Amino acid sequence: MIAVLASRLDPESCATVNAWSSADAALLSAEDLVSPGWAFSVGDPLGGTAVVDGRRISTANITAVLTRRPSVLPEELGRIHPADRAYVAAETNAFLVAWLSALPRTVVNRPTTTSLCGPAWDRLQWQCAAARIGLPWSDADETSDTHEVVVCGNRCVCAHDARESAMATALSRAAGTELLGVRFHRGKIARVTVAPSLTDGDVRASLLDHLLGRS
Amino acid sequence: MILLWGVPGDDPLDSVHAALQRVGADVRLLDQRGSAEMRVELTVGVDGTLCGSITDSVGEIDLSCVGAAYVRPLDTIQACGANSATEPALARAMAVDNALIAWADLSSAYVVNRPQAMAANNAKPYQLAQVAGCGFTIPDTLVTTDDMAVRRFRERHGRVIYKSVSGVRSIVSQLTDDALSDVANCPTQFQEYVPGVDVRVHVVGDTLLSVRIVCEADDYRYASRSGCEVTMEPFDLPANVAERCRAMAATMELHLAGIDLRHAPNGAWYCLEVNPSPGFTYFEAVTGQPISTAVAELLVRQDMSARDAH
């Protein structure tokens, strides 16, 4: 099973799960995380159980995880008493950091201690990371014409040329990510995201190949 | 220059500040309560280093002159005492605090400790896996929403304690049947109860200050609530355990750490937790160990070597 950790209110992630139904993809929602059935032993991550799409399964049956959210928000935990939601969300996020870090499976992206889907860096931090490996940064603002290049494991999708592909791949490796969206403006990096759009068919196919270990 | 960032009145911050002033160090305190009125300007150098300045009511700080820093920021809302999450001043304070956290993570200065390194403590099972990787024994640990899994865990271990998974402070408690009813609604962390003697180790750079704690309570920090007494005395760690503590703090990129050990009757040294921003003044007050002086000396040394390198 490929577990897609995302919100039920995220249409792009829900569409991705549907598109990957033949690959046994399923949504791992906030509701699942506060349902009975989870068990995780530090030191034996595959020996436990998980709850995915309302079903309790052996963790060993999960072959890959795609994470499409930086955190679980208190507001999503509708079953929980309002006074307890902030605490339960904090506990749930902490649990996910541990579980996703320990899982000996393909996890895209691995969490950091501050975000479930990879480095929670702002523009300045991405700019530093790019500068440290000699990549040029554009001062283009949000309204400038840019295009997104997406790194999926060893593949790079939507690049205009080999140079863009090499730059995006280098930045992804420097950041320790397996999925990265890098926006270019006139050959320079303008914006970076660990949650690139998955609407493009090539991106979705490349990502699925990576999650299935085919890339 | 040595930069201190936090809220005056915070005991560890105050005691390090006082220790630095006693030795005449070039120290500058940045009061987080004034974040909303601060101006931070950061730029990225061609080599990826962060440059810039911070200006508060005292004046401007050229960040390239900061050789060492001790950072103990509070949550922004708590620090600036905002009454509403929508206050414009709170948004300004958050922007400044976030910029300072980014600087603390990326600066070439010696930062005690970088926020990124401290964040591991916010996911305790994650940190425990790190601890095990550093060669310490850890208690068998289960995180679950399944009450039957907890019952099996308790059958295996007899005495079981539970505590928060996240960095939210909780009182370590022994498991009773009453506590099982809420497990289904929230991932909860259970650990085998490890009997033994608590030892708190403060790692300050390469210096170790250890104290043995004798207390009957499940959580000595809250001993008075259960009518128990706490006694502490300085303690010499075995050399191999001391070296493991130093190596673990270095692996976790923590220049200052409060390591909670438990020496079990079978001789094993368990590590229960590593606190990356320890409230060491509590231990200092009881034992007289000069922890704040050690932190101040570390900062002075690192600031001087940064000046030499400059």
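The values are calculated or read from the model by the stated rules, or taken from the named source; none is laboratory data. Because the structure is predicted, anything quoted here is derived from the model rather than measured. So basically every Cβ, Gly included, is an ideal-geometry build from the backbone, and we count neighbours across all protein chains shown.
Quick rundown of the values:
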quantity: In segment B:138-163, residue farthest from the other protein chains (Cβ to nearest Cβ) [restricted to those that are over 21 Å from B:Glu273 (Cβ atoms) and in a loop (DSSP other than H, G, I, E, B)]; calculated: B:Gly158
quantity: Out of A:Ala64, A:Ala50, sole residue that is within 14 Å of chain B (Cβ to nearest Cβ) and touching a helix residue (DSSP H, G or I) at 6+ places or on another chain (Cβ under 7 Å); calculated: A:Ala50
quantity: Any chance A:Asn109 is among the polar types (S, T, N, Q), more than 30 Å from B:Asp47 (Cβ to Cβ) and either crowded, with 18+ Cβ neighbours inside 10 Å or away from chain B (no Cβ under 11 Å) (or both); calculated: no
quantity: Pick from segment A:8-46, criterion facing another protein chain (nearest Cβ under 8 Å), in a loop (DSSP other than H, G, I, E, B) and within 19 Å of A:Pro104 (Cβ to Cβ), ranking: modelled with the lowest pLDDT; calculated: A:Gly43
quantity: Search result, residues across segment B:228-281 that are of a type in the set (Gly, Ala, Ser) and farther than 26 Å from B:Asn122 by Cβ; calculated: B:Ala239, B:Ala242, B:Ala264, B:Gly267, B:Ala268
quantity: Every residue from segment B:150-163 that is out of contact with any strand residue (DSSP E or B) (no Cβ under 7 Å at 6 or more places or on another chain) and either among the aliphatic types (A, V, I, L, M) or crowded, with 18+ Cβ neighbours inside 10 Å (or both); calculated: none
quantity: B:Ile259 vs. criteria assigned to a strand (DSSP E or B), over 19 Å from B:Val131 (Cα atoms) and away from chain A (no Cβ under 14 Å); calculated: no
quantity: Selection count where residues are crowded, with 19+ Cβ neighbours inside 10 Å, outside any loop (DSSP other than H, G, I, E, B) and more than 10 Å from chain A (Cβ to nearest Cβ), scope segment B:125-137; calculated: 0
quantity: Residue in segment A:47-61 that is farther than 23 Å from A:Gly118 by Cα, of a type in the set (Lys, Arg) and in a strand (DSSP E or B) present; calculated: yes
quantity: Candidates B:Asn98, B:Asn113, filtered to the one that is within 14 Å of chain A (Cβ to nearest Cβ), surrounded by fewer than 17 Cβ atoms within 10 Å (Cβ to Cβ) and closer than 14 Å to B:Trp5 by Cβ; calculated: B:Asn98
quantity: Residue satisfying condition, being of a type in the set (S, T, N, Q) and over 28 Å from B:Arg151 (Cα atoms), within set A:Thr63, A:Thr59, A:Thr49; calculated: A:Thr63
quantity: Entirely in segment B:69-124, the helices (runs of 4 or more DSSP H) that have 1 or more residues that are more than 18 Å from the chain's Cα centre (by Cα); calculated: B:76-80, B:88-106
quantity: Meets criteria (touching a residue at least 12 places away in the same chain (Cβ under 8 Å), among the small types (Gly, Ala, Ser) and more than 14 Å from every other protein chain (Cβ to nearest Cβ)) for A:Gly118; calculated: no
quantity: Residues that are within 13 Å of chain A (Cβ to nearest Cβ) and in a loop (DSSP other than H, G, I, E, B), drawn from segment B:164-200; calculated: B:Ser164, B:Val165, B:Gly167, B:Val168, B:Arg169, B:Ser170, B:Cys186, B:Pro187
quantity: Residue among A:Arg55, A:Arg79, A:Arg85 that is crowded, with 16+ Cβ neighbours inside 10 Å and out of contact with any strand residue (DSSP E or B) (no Cβ under 6 Å at 6 or more places or on another chain); calculated: A:Arg85
quantity: Test result for B:Ser292, under 17 Å from B:Thr207 (Cβ atoms) and either modelled with pLDDT under 95 or in contact with a Cys (Cβ under 6 Å, 6 or more places away or on another chain) (or both); calculated: no
quantity: Residues of segment B:278-298 classified as small (Gly, Ala, Ser) and in contact (Cβ under 8 Å) with a residue 60 or more places away in the chain, total; calculated: 4
quantity: Of residues in segment B:198-251 being of a type in the set (Lys, Arg) and at pLDDT 95 or above, the one nearest to B:Val112 (Cα to Cα); calculated: B:Arg246
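This table checks each residue for (1) out of contact with any helix residue (DSSP H, G or I) (no Cβ under 6 Å at 6 or more places or on another chain); (2) part of a strand (DSSP E or B); (3) more than 14 Å from chain A (Cβ to nearest Cβ); (4) of a type outside the set (D, E, K, R).
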position	(1), (2), (3), (4)
B:Asp14	yes, no, yes, no
B:His17	yes, no, yes, yes
B:Leu20	no, no, yes, yes
B:Gly24	yes, no, yes, yes
B:Gly34	yes, no, yes, yes
B:Glu41	yes, yes, no, no
B:Gly48	no, no, no, yes
B:Gly52	no, yes, no, yes
B:Val58	yes, no, yes, yes
